[in-house]
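The values are calculated or read from the model by the stated rules, or taken from the named source; none is laboratory data. Small disclaimer: the values here were computed from a predicted structure and weren't measured. Don't worry about glycine lacking a Cβ; one is built from the backbone with ideal geometry, like all the others, and counts go over all protein chains shown.
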Ligand SMILES: Cc1cc2nc3c(=O)[nH]c(=O)nc-3n(C[C@H](O)[C@H](O)[C@H](O)COP(=O)(O)OP(=O)(O)OC[C@H]3O[C@@H](n4cnc5c(N)ncnc54)[C@H](O)[C@@H]3O)c2cc1C
């Protein structure tokens, strides 16, 4: 049995593992894809890699210079990777299929390596975005809000569209509008007037908020040139130079939903120590309710979750 199992090998899981190495905790990190979302980006470095993932391919359609991969925190995740991968016997590449808690022990079911047990658990399984499922979706950029300042610079004097109603979408369109000639915010749902940035957006003549519109198609050759949007049977064709999807994330929290409290969207509720409603179970990164969905934040959270798990383990009765 391990003292600690870490679910996930993204920035949060790896930071937790590095912390566990430092504290000499007997841990196991189980992951499907090393690097998590950052791994996907790193893999898509060259044109030949196009089929491996999609994120940078989309950036290429805006500007090939983006191939350089400017993701802040990538270097840290690389360093963590080499440290974590050297820990033979502490890493397992497998899919976790179940998590149970019996008599104070966590039982983690895996696809190929049976059930692994531990006294404490960190869940850092991240999330995924909802696809639009429209023709031409591959022409759209994902991940606006993390790099909107870079995009804003490149789209100076041009027309851009942001699809979504998340806070990231609202902030993204506001940042883009600082340089674009015209910016659209397209959302099938009404924009909540309580979000302060909405008032500022509504007052801008160069920002058009298309509420109640659904995007039906993206058209273009190497990058998006037109968006087809529909509201109650009325179709509009928008000429754009770039379009960004900033939809809400779907957290990978199903494994522990029966054990811990989640918010209505499924994000795991955590306290200021990354503890969940179940003692011994900690959560970090994008799967949680914590504010800020960025690599550097996930790294900090992973480290804090490991620190808390360590404290928890120290307070448990000694079993020699
Ligand atoms: C399109 C896009 C662009 C982004 N751009 C930026 C950016 O420019 N800058 C920035 O700072 N952030 C950016 N982000 C956000 C950043 O990638 C995330 O904040 C960060 O990766 C979250 O780390 P995490 O460890 O919580 O989750 P993830 O990176 O998602 O890692 C989750 C880990 O859990 C594993 N996992 C999940 N389920 C299971 C299972 N059942 N069994 C085993 N393993 C499992 C996965 O394999 C993976 O290892 C972007 C995100 C997206 C989606």
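Conditions tested, residue by residue: (1) more than 16 Å from the ligand (Cβ to nearest atom); (2) under 26 Å from the mean Cα position of the chain (by Cα); (3) closer than 30 Å to residue 274 by Cα.
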residue	(1), (2), (3)
165	yes, yes, yes
225	yes, no, no
238	yes, no, no
255	no, yes, yes
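Within segment 202-230, which residues are surrounded by 15 or more Cβ atoms within 10 Å (Cβ to Cβ) and touching a helix residue (DSSP H, G or I) at 6+ places or on another chain (Cβ under 6 Å)?
207, 218, 220, 223, 224
Give the residue, chosen from 88, 67, 93, that is in contact with a strand residue (DSSP E or B) (Cβ under 7 Å, 6 or more places away or on another chain) and either at pLDDT below 95 or within 21 Å of residue 285 (Cα to Cα) (or both).
On the way: 88 fails: in contact with a strand residue (DSSP E or B) (Cβ under 7 Å, 6 or more places away or on another chain); 67 fails: in contact with a strand residue (DSSP E or B) (Cβ under 7 Å, 6 or more places away or on another chain).
Going through 88, 67, 93 in turn, just one is in contact with a strand residue (DSSP E or B) (Cβ under 7 Å, 6 or more places away or on another chain) and either at pLDDT below 95 or within 21 Å of residue 285 (Cα to Cα) (or both): 93.
With 277, 308, 221, 253 as the choices, which residue is in the same structural domain as residue 13 (by TED's automatic domain parsing) and farther than 19 Å from residue 8 by Cβ?
Numbers: 308 fails: farther than 19 Å from residue 8 by Cβ; 221 fails: in the same structural domain as residue 13 (by TED's automatic domain parsing); 253 fails: farther than 19 Å from residue 8 by Cβ.
Every option except 277 fails the conditions.
Looking at segment 9-38 only, could you name the residues that are in contact (Cβ under 8 Å) with a residue 12 or more places away in the chain, out of contact with any strand residue (DSSP E or B) (no Cβ under 6 Å at 6 or more places or on another chain) and not in a helix (DSSP H, G or I)?
If we filter segment 9-38 for residues that are in contact (Cβ under 8 Å) with a residue 12 or more places away in the chain, which is where we start, we get 9-21, 23, 25-38.
If we keep only those that are out of contact with any strand residue (DSSP E or B) (no Cβ under 6 Å at 6 or more places or on another chain) as well, we get 10-12, 14-15, 18-19, 21, 23, 31-38.
Across segment 9-38, the qualifying residues are 10, 23, 31, 32, 33, 34, 35.
Out of (1) touching a strand residue (DSSP E or B) at 6+ places or on another chain (Cβ under 8 Å); (2) more than 18 Å from residue 139 (Cβ to Cβ), what's the single condition that is false for residue 195?
With (1) touching a strand residue (DSSP E or B) at 6+ places or on another chain (Cβ under 8 Å); (2) more than 18 Å from residue 139 (Cβ to Cβ) applied to residue 195, the lone miss is (1).
Please work out which one of (1) over 30 Å from residue 287 (Cβ atoms); (2) within 24 Å of the chain's Cα centre (by Cα) is the condition residue 267 fails and give its number.
(1)
Given the criterion farther than 30 Å from residue 269 by Cα, buried (at least 19 other Cβ atoms within 10 Å of the Cβ) and either within 25 Å of the chain's Cα centre (by Cα) or touching a residue at least 60 places away in the same chain (Cβ under 8 Å) (or both), identify the matching residue among 120, 161, 124. Don't jump to the end; show me each part of the working.
Values: 120 fails: farther than 30 Å from residue 269 by Cα; 124 fails: farther than 30 Å from residue 269 by Cα.
Within the list 120, 161, 124, the selection yields 161.
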